[in-house]
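Heads up: the structure comes next, in structure tokens.
The values are calculated or read from the model by the stated rules, or taken from the named source; none is laboratory data. Owing to the predicted nature of the structure, the values given are computational and were not obtained by experimental measurement. Please note: Cβ atoms are built from the backbone with ideal geometry, for glycine as well, and neighbour counts cover all protein chains shown.
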Amino acid sequence: MKQGTPEARRKLDRQIEVAGRAGIYEPMLGAFLALQSFARVWFDQAPPDHMQAVEIATDHVMTHVTKVLTAIWLGESPAHTDVEKVGAAAFALSAGGIDWLAGEFGAVTRAGLPADSIHLRDLPDTESVMLALMPRIEPWERALAALSVLAPDHKAAASEEVTRLVWILERSQYGNRLNLIPKEQKATKRGTWSQGRNVALKRLAERPQSIAGLTAHDEKILRHIDREPHRYGQANWELDQSAAMLAAAGHPLVFFENQLDQPVGIEARHPEMTVRNEGDEVHISIFPFAAPVQGLVDSERVFQPDSIVVESKRRLDVFAFSEEHKQISRILGADGLTVPADAKEKVLESIAAISPLLTIHSDLDGTGTDLERVDTDPHLYLNLQPQGDSIALSAGVQPFGEGPRFLPGEGGAAVITEIDGRRVQANRDLKAERRLLDIVLARCTGLVDESAGRWRFLDLEAALEGLVELQTMEEVVCAWPQGKALTVRNAVGNSSVSLSIREQNDWFEVDGEVRTSEQDVLDLQKLLTIMRNAPGRFIQLGEDEFIALTDILRQRLDAIRSVFDEGRVPKVAAWHLDKAISELNVDADHGFQAFQDRLQHARDLTPELPGGIMADLRDYQLEGYHWLARLADWGAGACLADDMGLGKTLQSIAMLMLRASAGPALIIAPTTVCQNWLNEVRRFAPLLRASQFGTDNRADEIESQGPGDILVCSYGLLTAEADLFASRAWHTIVADEAQAFKNAGTQRSRAMMRLSGDFRMITTGTPVENHLGELWNLFNFINPGLLGGFSTFSEIFARPIERGDEDAAMRLRNVTRPFILRRLKQDVLKELPPRTDITIRVELNDQEHTLYEALRREAQADLESVEDGEANMIALARITRLRRAVCNPALVLPDANIPSSKLERFGELVTDLLANGHRALVFSQFVAHLQLIRRYLDGEGISYQYLDGSSRPADRTRAVDAFQGGEDDLFLISLKAGGTGLNLTAADFVIHMDPWWNPAVEDQASDRAHRIGQQRPVTVYRLICVDTIEQKIVELHERKRDLASDLLAGKDAAGRLTFDEMVALIATPAGAR
């Protein structure tokens, strides 16, 4: 036990279980049980009064020694009888010459007696080994230890306790009886509990310590397990259900079978008599009436029930019946007793006489001659019961302060009972009771009415709001089950926060504390850590304690938390800090104050457009230019994420012109658009000297760049010459189509991260294509440290957002918003002609259907036996094969001569388009598919332009110029090679021959035609084979469409294609619905 480790605890439990199996044959059993009780306090931070709940089975002297020792170790006073037993043993041992043990027992006795005890003078006086085995821990030390358990790592360790005992309410065959059945549940990896398994009563009676999660309340119920003799000489263990049901009152883990997520509240009550004046008559009745139809009653003892259960929604009222109560039931009868009104005095005398037996409600005027009137307790008593992620509430009044409890505003005005041997009467104000209840219900919003006098809060947030209200109401008394009370400290506002901000290299060091009460403060970093799992304004400090933050403070702390990384805030993210700390107590150094001045200067900056720009910028483009200039002035990077076709290139060139005089610029772009950059710079900023990287003397080429120079380089060459590019600093760096280095683990990405630039900006129409890790990598380039390390980003943002956490999505938007500018065409280009998207459904022919189904079944069989490490790779390969087969059977079986339904439909579509004077772009992700289309067009005598990844830059430029100049009516383009960086407004139709995983990539390709300069409406066709994997990919589009736009617009779509999703794409046969 002194080791204090989980393994030590398990070893102790195993040893106690061994002793328990021996039962009465183990003389040390009582000592073991005392140690078990102590361990619950020592290891589990249980309350020390739990020590009183253990019944010791033997009278061995070591039982008493252990009880005294454990009490002393806990800083408690041991029971006097135990100390006397140990002292007597010490005297006996000393008389027998067993000096060492006598000395030990004497020392233990001395430690357990008051200092002035007369018994101390005769005891052996030696140093004790046993007393020093465990360090004595004072109550205040134990309280501090309990506070330390609140730290996140301690809470994780606490969750290792994997079992608990629950009580299941099981109905008898005929439904007139409820039985309590104990079950042992195990915690699952998902943080829930298993269905549980039955626990033998014999085990609970003989070896209760074998149940790791046993509580003092459980032990209270277990005391009602009896060993009943069997007629064949064996013995059965039985639970006295009536007594157990009463003992279970207030237990937080009672459930109906098959409803393990809805705890049932049990309340122990006593029968009540009602005396009602009905004009000419007086009616006397008892509730509940002791008859078997009422509930928990054995049919063989019809009028001799020990208890009656009255059931309502999620609540059981258990009434304990004495023999007198049964006798009263027999006298009054099921319908009650009616007497003439002129016998009122006799009625009053009778009810006064039996008031010691039960509580009496009466609305008769007058009282019995020997009844004492007492002041009525005006408080409203609320029983609060944790119930899953909420709290149940039952309301009652207790006119005598203690004793009988009634529903507010219901029952008789006069209540008669016996207290401390006195027969007393209290007169209730029923209207005042109801008014007080109405006030409580009005102030505690979010309550759901469950049954008479019982409510449930909608969720934990509503419950905590209710507790805040209740704690301010002096007329309300709240009661909780033992060990289950929740407390909410008073609201903590801005004035309670103190911050210290100090400049350190590229970040600010932020430290602080939050005062939660006059005596207590909470470290800022610890509070922000706890807030990760607390979406509302209530912050859980311990298992049962919360603090309430004001809404304004919660918003400010969320803003700090979104950029806070273990006490540091990157300078590039400190703009968020500047906004969040207003109205807080802040001690900031000169470095942070200077930062605030720079930030304000950048906010006020509105630079003129440079004179060398040979273009008229639209209003939204001018706004983008100003935004870029402000970020550059401040020292932050930028992500220009405008919709495709809105002129990101022109806005970037304006920014390059503004900064040209201060140093050289580097533009990195896909190979296919490098020439376009050179052309656009020469067109819009002819004063700048733009050149393409790739001469023989590359080192000199890089070194020679100076003010006014722009070097344009492909991502491929940058990766190959990463050392050269990293060897010098650039004044401005522009990374076009930045999704090209979205994956952090690639050489291309590593080469980008090594670049040194005063101002870094990226342009992309799709900042996120598949998952949020791509966004992190792009921001790690433009603003290193803004989103923290990748593991921190995944924990705080990516994984929660992928699980649908709206709070995490909101915080990510708040952090990135100043550095991303995204406008959509429909918002800023009102004059742009409309775009229409049409899906053309293609039916497979019989031969294609047979081939597809054979390939699908083969793929499904392969995936059933795949190893974990290669699962994704094999699944993707099988899916790609299915997709190729759907495009054209010749892509998987070139010699089969199976006709392609999709190619046939494409031919019909092209014939119709050309006949009506239209021109079209034709995209496919498979170059082999484009080759089959070329073969078909050549056979039909239809001319076209062609572009794929193998096309040389000069050939690419010539093909684009030819098509834009009116040469040929079709342009065949591979999706990856021509989906970005091209201006092909001469086409008014776009045909996608096969769907890509992410619709944003398709949209980029479609926007080669639908962009500035387009004069005609654009129609986009997608050819999709029905009842195939293509149709399922299109369904995935609904979840993945415009992931970046969703993030920026406040939606939560995010995620990558998982192995399960890939298997699902294969699982359904073609033609199945």
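Scanning the range 920-956 for residues that are more than 52 Å from the chain's Cα centre (by Cα) and assigned to a loop (DSSP other than H, G, I, E, B) gives GLY941, ILE942, SER943, TYR944. Applying the set (1) free of Cβ contacts under 8 Å to residues at least 60 places away in the same chain; (2) farther than 20 Å from GLU372 by Cα to PHE457 leaves exactly one unmet item: (1).
Among the residues of the range 612-650 satisfying the criterion of being within 26 Å of THR985 (Cβ to Cβ) and of a type in the set (Phe, Trp, Tyr), which is surrounded by the most Cβ atoms within 10 Å (Cβ to Cβ)? So the residue we want is TYR625.
Residue-level analysis places GLY765 among those that are part of a loop (DSSP other than H, G, I, E, B) and either in the same structural domain as ILE702 (by TED's automatic domain parsing) or of a type outside the set (Gly, Ala, Ser) (or both).
For every residue, the table says whether it meets (1) hydrophobic (A, V, I, L, M, F, W, C); (2) in contact with a Gly (Cβ under 8 Å, 6 or more places away or on another chain).
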| residue | (1), (2) |
| --- | --- |
| ALA615 | yes, no |
| LEU622 | yes, no |
| HIS626 | no, no |
| ALA632 | yes, no |
| GLY637 | no, no |
| ALA641 | yes, yes |
| GLY647 | no, no |
| ALA654 | yes, no |
| ALA665 | yes, no |
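Determine which member of the set SER900, SER943, SER950 is in the same structural domain as SER1006 (by TED's automatic domain parsing), touching a Cys at 6+ places or on another chain (Cβ under 8 Å), free of Cβ contacts under 8 Å to residues at least 60 places away in the same chain and not basic (Lys, Arg). Walk me through how you get there before you give the answer.
Working: SER943 fails: touching a Cys at 6+ places or on another chain (Cβ under 8 Å); SER950 fails: touching a Cys at 6+ places or on another chain (Cβ under 8 Å).
Unique residue meeting the criteria: SER900.
Among the residues of the range 684-720, the ones that are at pLDDT 95 or above and of a type in the set (Asp, Glu) come to 1 in all. The selection criterion, being surrounded by 15 or more Cβ atoms within 10 Å (Cβ to Cβ), under 21 Å from ARG659 (Cβ atoms) and small (Gly, Ala, Ser), holds for ALA602. Listed by first and then second residue, the pairs with beta-carbon distance under 9 Å, at least 6 apart or on different chains, first residue in the range 691-702 and assigned by TED's automatic domain parsing to the domain that holds THR719, second loosely packed, with under 13 Cβ neighbours inside 10 Å, are GLU701/THR695.
Give the residues of the range 811-850 that are under 23 Å from ALA632 (Cβ atoms) and surrounded by 15 or more Cβ atoms within 10 Å (Cβ to Cβ), sorted by residue number. Answer for the range 811-850, where residues must be under 23 Å from ALA632 (Cβ atoms) and surrounded by 15 or more Cβ atoms within 10 Å (Cβ to Cβ): ARG813, ASN814, VAL815, THR816, PRO818, PHE819, ILE820, LEU821, ARG822, ARG823, VAL828. Given the structure, is LEU851 free of Cβ contacts under 8 Å to residues at least 40 places away in the same chain, more than 45 Å from the chain's Cα centre (by Cα) and outside any strand (DSSP E or B)? No; evaluated as a whole, the condition is false for this residue. Taking (1) surrounded by fewer than 18 Cβ atoms within 10 Å (Cβ to Cβ); (2) within 14 Å of LEU382 (Cα to Cα) in turn, THR487 satisfies each apart from (2).
The residues of the range 494-527 that are closer than 21 Å to GLU465 by Cα and under 25 Å from the mean Cα position of the chain (by Cα), listed by number, are VAL514, THR516, LEU527.
Set side by side, the residues ASP565, ASP544, ASP589 differ, and just one is surrounded by fewer than 16 Cβ atoms within 10 Å (Cβ to Cβ) and either within 20 Å of PRO818 (Cβ to Cβ) or within 27 Å of the chain's Cα centre (by Cα) (or both), which is ASP544. For the range 716-738, filtering for residues that are surrounded by 23 or more Cβ atoms within 10 Å (Cβ to Cβ) and part of a helix (DSSP H, G or I) leaves 3. When residues in the range 401-443 are screened for being in a helix (DSSP H, G or I) and among the basic types (Lys, Arg), 4 of them pass. Need at least 1 residues that are at pLDDT 80 or above and surrounded by 19 or more Cβ atoms within 10 Å (Cβ to Cβ) per element, so show me which strands (runs of 3 or more DSSP E) inside the range 284-400 make the cut, counting only ones lying wholly within it. Counting at least 1 such residues, we get 315-320, 359-362, 380-387, 390-397.
Need pairs with beta-carbon distance below 8 Å; first residue closer than 13 Å to PHE592 by Cα and within the range 565-580, second small (Gly, Ala, Ser) and surrounded by fewer than 18 Cβ atoms within 10 Å (Cβ to Cβ); sequence gap 6+ or separate chains. Filtered contacts from the range 565-580: LYS571/GLY635; VAL572/GLY635. Do we find a residue being at pLDDT below 85, over 16 Å from ILE211 (Cα atoms) and hydroxyl-bearing (Ser, Thr, Tyr) anywhere in the range 15-25? Scanning the range 15-25, I find at least one residue that is at pLDDT below 85, over 16 Å from ILE211 (Cα atoms) and hydroxyl-bearing (Ser, Thr, Tyr), so the answer is yes. Does LEU382 fit the bill of being in contact with a Lys or Arg (Cβ under 9 Å, 6 or more places away or on another chain), of a type outside the set (S, T, N, Q), under 26 Å from ALA442 (Cα atoms) and assigned by TED's automatic domain parsing to the domain that holds GLU475? No: the conditions fail for LEU382. Scanning the range 718-745 for residues that are closer than 24 Å to THR672 by Cβ and in contact with a Gly (Cβ under 6 Å, 6 or more places away or on another chain) yields TRP730, ILE733.
Hey, among the residues in the range 261-283 that are part of a loop (DSSP other than H, G, I, E, B) and in contact with a Lys or Arg (Cβ under 9 Å, 6 or more places away or on another chain), which one's modelled with the lowest pLDDT? Only one residue fits best here, namely GLN262. Taking strands (runs of 3 or more DSSP E) as the structural unit, those lying wholly within the range 452-563 and holding at least 1 residues that are modelled with pLDDT of 80 or more correspond to 454-457, 476-479, 487-492, 497-504, 507-515, 521-523, 545-549.
The condition (being surrounded by fewer than 16 Cβ atoms within 10 Å (Cβ to Cβ), touching a Phe, Trp or Tyr at 6+ places or on another chain (Cβ under 9 Å) and among the charged types (D, E, K, R)) is satisfied by just one residue among ASP429, ASP449: ASP449.
The one condition from (1) closer than 23 Å to LYS976 by Cα; (2) out of contact with any Ser or Thr (no Cβ under 6 Å at 6 or more places or on another chain); (3) not small (Gly, Ala, Ser) that CYS674 does not meet is (2).
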